[in-house]
Amino acid sequence: MKRDAGWWALIAPAFLLLTICYIAPIVQILAISFLEPSPGLSNYERLLTSESVQRVIVTTLRICTITTVIALLLGYALSYVIAMATDRARRWWLLAVLVPLWISVLVRAFAWVTLLRRQGVINQGLMGAGVIDEPLALVWNETGIIIGMVHYMVPYAVLPMLAAMREVDPRLLTAARGMGASRGLVFARVFLPLSMPGVIAGGVLVFIFSLGFYITPAILGGGRTLMVAEWIKLQILDLIRWGLGAMMATVLVVAILATLAIFSRVVNLRRLFGGGA
């Protein structure tokens with residue numbers, strides 16, 4: 001009992017700080033969603049009655065899903081190359097993956113605007129090569145948002161998938177090849193199933209991060225394609241509708257927790273993200 005009391009005495013300051021700085025604001029946001037502009041469920045009724053609210057939610061889910069799928073496909077190919085590379089090459093590959101994480105998301109977003117705009121490098125290059133006759137609409141729409149978000153999210157998809165691939169015993173692949181299986185069959189029947197925990201972890205990570213993304217959609221969307229985070233900012237700071245903004249923020253938190261809860265029923269999330277078995 002004394003040992004337990006001493007343990008709680010050690011963690012009590014950190015727990016109180018976490019409660020004050022994190023849990024208390026969330027509780028306050030939840031209260032505002034029910035109390036502003038009048039007590040009741042009127043804000044949450046908008047989820048069923050407001051086309052604009054439903055459009056924002058559907059747009060967010062669509063963009064997040066597309067971003068997750070593309071990031072997983074690109075990340076898996078990159079993870080496979082890194083996993084199969086020599087130790088020296090692997091270090092350089094990992095550096096190339098991690099360097100973008102050290103660059104400000106704001107800088108990357110404006111860089112994509114420069115590349116994707118109508119007078120940007122990509123459109124000018126395609127027109128100069130005769131591939132297109134007029135500039136493509138690559139920015140200030142969903143296309144630009146997805147490109148920017150995929151670029152940001154690929155490293156987060158690579159890291160858990162690479163960790164899972166590194167745990168695959170190469171002797172299993174050698175044994176399968178020795179039994180006469182082709183390279184494609186070894187990949188499809190041995191390597192891919194064994195690396196699926198990393199794919200699931202990467203998918204969960206990318207999807208959850210995408211749900212609350214703000215800067216990239218705000219810049220590359222140009223205000224024409226609203227996702228949940230930008231819609232919350234619009235309601236609270238521009239339209240002064242604290243109740244609606246708090247309601248959507250609450251829905252966002254619940255959606256993230258629900259995503260984790262659903263996947264926790266299917267897989268061991270602690271193991272996926274590096275915890276114990």
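What the table below lists for this structure:
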quantity: Qualifying residue in segment 60-77 (condition: more than 30 Å from GLY184 (Cβ to Cβ) and either outside the structural domain of LEU244 (by TED's automatic domain parsing) or surrounded by fewer than 18 Cβ atoms within 10 Å (Cβ to Cβ) (or both)); calculated: yes
quantity: Qualifying residues in segment 204-222 (those that are of a type in the set (Val, Ile, Thr) and surrounded by fewer than 21 Cβ atoms within 10 Å (Cβ to Cβ)) - the one nearest to THR114 (Cα to Cα); calculated: ILE215
quantity: Every pair of residues 6+ apart whose Cβ atoms lie under 6 Å, when the first sits in segment 227-247 and is more than 23 Å from SER210 (Cβ to Cβ) while the second is not in a helix (DSSP H, G or I); calculated: TRP242/GLU36; GLY243/GLU36; GLY243/PRO37
quantity: Segment 88-105, residues that are surrounded by 12 or more Cβ atoms within 10 Å (Cβ to Cβ) and closer than 18 Å to ILE146 by Cα; calculated: PRO100, VAL105
quantity: The lone exception for THR225 - which of (1) surrounded by 14 or more Cβ atoms within 10 Å (Cβ to Cβ); (2) among the β-branched types (Val, Ile, Thr); (3) farther than 29 Å from LEU138 by Cα it fails; calculated: (3)
quantity: Enumeration of residues in segment 116-173 that are out of contact with any helix residue (DSSP H, G or I) (no Cβ under 7 Å at 6 or more places or on another chain), surrounded by fewer than 17 Cβ atoms within 10 Å (Cβ to Cβ) and closer than 22 Å to VAL81 by Cα; calculated: GLU167, ASP169, PRO170, ARG171
quantity: Answer residue from segment 1-34, given it is β-branched (Val, Ile, Thr) and modelled with pLDDT of 80 or more and is surrounded by the most Cβ atoms within 10 Å (Cβ to Cβ) among those; calculated: ILE32
quantity: Enumeration of residues in segment 136-167 that are part of a loop (DSSP other than H, G, I, E, B), of a type outside the set (Asp, Glu) and free of Cβ contacts under 8 Å to residues at least 60 places away in the same chain; calculated: LEU136, ALA137, LEU138
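Quick grid of which residues meet (1) farther than 30 Å from VAL154 by Cα; (2) part of a helix (DSSP H, G or I):
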| site | (1), (2) |
| --- | --- |
| LEU10 | yes, yes |
| PRO37 | yes, no |
| SER52 | yes, yes |
| GLY75 | no, yes |
| TRP93 | no, yes |
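The values are calculated or read from the model by the stated rules, or taken from the named source; none is laboratory data. The structure displayed is predicted, hence computed values, not measured ones. FYI the Cβ positions are ideal-geometry reconstructions off the backbone, even for glycines, and counts take in every protein chain you see.
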